[in-house]
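Down below is the structure, laid out as structure tokens.
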Amino acid sequence: MPVKNRFAELQAEITEWRRDLHENPEILFDTHRTSAIVAEKLKAFGCDEVVEGIGRTGVVGVIKGKANGSGKVIGLRADMDALPIHEQTGLDYASKTDGAMHACGHDGHTAMLLGAAKYLSETRNFDGTVVVIFQPAEEGGGGGKEMCDDGMMERWGIQEVYGMHNWPGHPTGSFAIRPGAFFAATDIFEVELEGKGGHAAKPHETVDSTVMAAQVVLALQTIAARNADPVDQVVVSVTSFETSSKAFNVIPQRVTLRGTVRTMSNEMRDLAETRINEICTGISATMGGTAKVDYTRNYPVMVNTPEQTEFAAEVAKSISGQCDDAPLVMGGEDFAFMLEERPGAYILVGNGDTAAVHHPEYNFNDEAIPAGCSWWAEIVEKRMPAA
């Protein structure tokens, strides 16, 4: 029986798992219920090894093929965490936790990888070992880095690693991928600009931190417009402008700016950080004030390796008939940490005409389950074919 047909048979069961996870979302590393369910199912499937607590609340399952002459070990990763968003879908299985929902489809990713693990545990029609990775805290917590820092890659000898994300607006069950840089590095900054506060009717007696901050906000846009090569990607967005005074007649002593930087190369990342520091300190000094810049590097650029990307695309074509060229994505993805340690690829699977991810009306499309499960299973069976 073709792999996809088997997952069509399992779709109703996998959908039940997914909707239970959707109803009970957990944020960042607090995926205790989700992790326990994942571990329980992996044990019930007959995985050769199930380990909890990797990367705090991550779960790893090991499935050995009928043969292991190849010595190959492939990792398959799904994320488990939800977002701090109040759900507005009106679904029968909507979140029961106020202020938390699966608004990015990680419930679907987890359910699909569980479905693939069940199938692979039943059939074991491959020569090698598959390591299924269930990761917490993708949404800003760096759970992927935590799992790597816990020695996951070395402990199980993972040689390649593959991941997947649903993609609203693309036909359900279709695929898209690109080699090289795919998702952006996601850095953040906080700038505290200090002036000299005073009465708004006497600005000449002050060093106006609001004017200073306004100049900084505008000048930061020149990083993309005048410092970066036009063919390179960089986004510098100031997302918060907060003063130390709320009064109408007071010029505040200080202003705090916060924002994010998105880049697609380490060179552009370095340039953005350097210029933010130079612009903030330079403008504040010119106006008689000071600047304190706190720049934090978060997720790195997620880079698909060429060989594994080509293979992943061929597997996708065998399932859906085609695999489109994906666009660059300026959002971040902490699967990047795993791809820094091992070659691999990350693919998008179509979620159909649904609300966008991170929207309170978003919902994972259960019709994508057979295609997503099939891709993971075929990655294993075709990369490590049984003799």
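Bear in mind these aren't lab numbers, they're just calculated from the coordinates by the rules spelled out. These figures come from a predicted structure and were not determined experimentally. Here Cβ is always computed from backbone atoms with ideal geometry, including for glycine, and neighbour counts include all displayed protein chains.
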D98-D48 pseudo-label distance in nm [points 7 Å out on the Cα-to-Cβ vector]: 4.9
Out of the DSSP beta bridges found with both residues in the stretch 1-130, what percent are antiparallel (nearest 5)? 65
Could you sort 221-228, 68-75 so that the peptide with the highest average Cβ count within 10 Å comes first and the rest follow in order? 68-75, 221-228
Candidates P343, P136, P171; GNM for the chain (alpha-carbon contacts under 10 Å) flags as most fluctuating P171
Which of the aspartates and glutamates could be linked to K382 by a straight reach, that is with a Cα gap under 16 Å, when you skip same-chain ones fewer than 8 residues away? D127, E160, E307, E310, E314
Tell me the net charge near S240. Cut-off is 10 Å between Cβ atoms, S240 excluded, with +1 for each Lys or Arg and -1 for each Asp or Glu. -1
E314 paired with A67, simple spin-label distance in nm, labels 7 Å along Cα-to-beta-carbon: 1.9
For D149, placing the label point 7 angstrom along Cα-to-beta-carbon and taking the stretch 68-83, residues whose amide nitrogen sits under 20 Å are 78-82
In which sequence would I279, I37, I188 go, from the one with the fewest C-beta neighbours within 10 Å to the one with the most? I188, I37, I279
Amide H to amide H under 5 Å from K72: which residues, 5+ apart in sequence or cross-chain, H placed 1.01 Å off N in plane? T129
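What is the magnitude of the charge dipole of the stretch 185-299 about its Cα centre, with +1 placed on the Cβ of each Lys and Arg, -1 on the Cβ of each Asp and Glu, and no other charges, expressed in debye to the nearest 20? Before the final figure, lay out the partial values.
On the way: 11 positive and 14 negative charges, 66 e Å.
Computed charge dipole of the stretch 185-299: roughly 320 debye.
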Can you grab the distance from the C-alpha centre of the stretch 45-111 to the C-alpha centre of the stretch 301-352, Å, no decimals? 18
Listed residues A213, N266, P300: farthest to the positive end of the dipole of the chain (Cβ charges): N266
To the nearest 20 debye, what is the magnitude of the charge dipole of the stretch 51-118 about its Cα centre, counting +1 on the Cβ of each Lys and Arg and -1 on the Cβ of each Asp and Glu? 620
Which of G151, A356, G105 sits farthest toward the positive end of the charge dipole of the chain, with +1 on the Cβ of Lys and Arg and -1 on the Cβ of Asp and Glu? G151
Just to be sure I understand: with springs between alpha-carbon atoms less than 10 Å apart, which residue in M112, M80, M153 has the highest mean-square fluctuation in the Gaussian network model of the chain? M153
Total formal charge among the other residues, if their Cβ is under 9 angstrom from that of A82, Lys/Arg +1 and Asp/Glu -1: -4
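Restricting to the chain, compute how many DSSP beta bridges are antiparallel as a %, nearest 5.
Details: 48 of 71 bridges.
Here the share of antiparallel DSSP bridges comes out near 70 percent.
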5 Å is the cut-off here: which amide hydrogens, built 1.01 Å from N in the peptide plane, fall below it relative to V357, excluding neighbours closer than 5 in sequence? none
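Which entries of K4/K41; K43/K145; K202/K292; K202/K246; K41/K64 have Cα-Cα distances beyond 19 Å here? If you can, show how the numbers build up before the last one.
On the way: K4/K41 21 Å; K43/K145 25 Å; K202/K292 26 Å; K202/K246 17 Å; K41/K64 17 Å.
Distance filter (> 19 Å) returns K4/K41; K43/K145; K202/K292.
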Ellipticity estimate at 222 nm from DSSP helix runs (n ≥ 4, -39,500 (n - 2.57)) divided over the chain, nearest 500: -11000 deg cm²/dmol
If you count, for each residue, the other Cβ atoms within 10 Å and average over each peptide, how do 245-252, 300-307 line up from highest to lowest? 300-307, 245-252
Cut-off under 16 Å on the C-alpha distance; same-chain residues fewer than 8 positions from K118 excluded. Which aspartates and glutamates are left, in chain and number order? E9, E13, E16, E40, D48, E49, E378, E381
Please arrange D232, D325 by how many other C-beta atoms lie within 10 Å of their C-beta, fewest to most. D325, D232
